[in-house]
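The structure under discussion appears below in the form of structure tokens.
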Amino acid sequence: MPEDLESLEETLAILSDHEAMRRLAAADAELADGNGESEAALAAAMGRRGRWRERPRDRYSLMLAPTCVATRYIDLVADSLWWDGEDAEHIRTRSARYPGAVDLEPAWTLEAAADPDFLVREPDPKSRAGYTRLIGHSPSARAVLTVIIDPYDGSGVTAWITRGADLRHYLDSKESRDD
């Protein structure tokens with residue numbers, strides 16, 4: 001329940017911020033007119049800022065198509081999701097740290113990222129580091145997963161089985177798209 005309250009408070013704060021709503025409407029209009037930055041231009045800008053790191057190519061990589069998400073989740077173009085060895089091991093051994101937790105395979109998070117109905121919260125409101133929260137279904141895990149991604153290099157940080165308000169929002173959003 002506290003996350004529901006937090007989610008509602010966040011939504012109200014955004015909706016009541018007239019300047020933020022004006023900027024979002026202006027950004028939507030610019031994108032509709034075809035005005036926007038290319039992926040290459042954004043990568044170059046990130047490189048100049050020193051925050052872009054080359055991502056390794058390994059078996060846990062997946063290229064994602066540009067995706068537009070619904071409701072209060074903003075648009076995100078995901079370059080890719082990948083896992084380094086340490087973070088992959090972290091999600092594979094969740095049950096050793098959290099009683100009742102499910103151990104996850106990195107490949108399952110790639111399935112969640114490839115879900116055509118996935119949702120994104122950017123930045124994740126619970127992240128102090130500005131990470132991105134992706135919520136999507138993994139057929140192999142037979143569950144909806146929450147995946148935390150570093151937006152600067154596309155690396156997976158952690159993941160878990162989705163519960164609570166995020167799961168309800170995912171299911172409601174999927175149901176409304178299916179209608």
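The values are calculated or read from the model by the stated rules, or taken from the named source; none is laboratory data. The structure presented is a predicted model; accordingly, all values stated were derived computationally and were not measured. Using ideal geometry, Cβ is built from the backbone for each residue, glycine included, and neighbour counts are taken over all protein chains shown.
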For A70, indicate whether it is closer than 26 Å to E30 by Cβ, more than 12 Å from the chain's Cα centre (by Cα) and modelled with pLDDT under 90. yes
Take the residues in the stretch 73-89 that are assigned to a helix (DSSP H, G or I) and of a type in the set (G, A, S); name whichever of them is modelled with the lowest pLDDT. G85
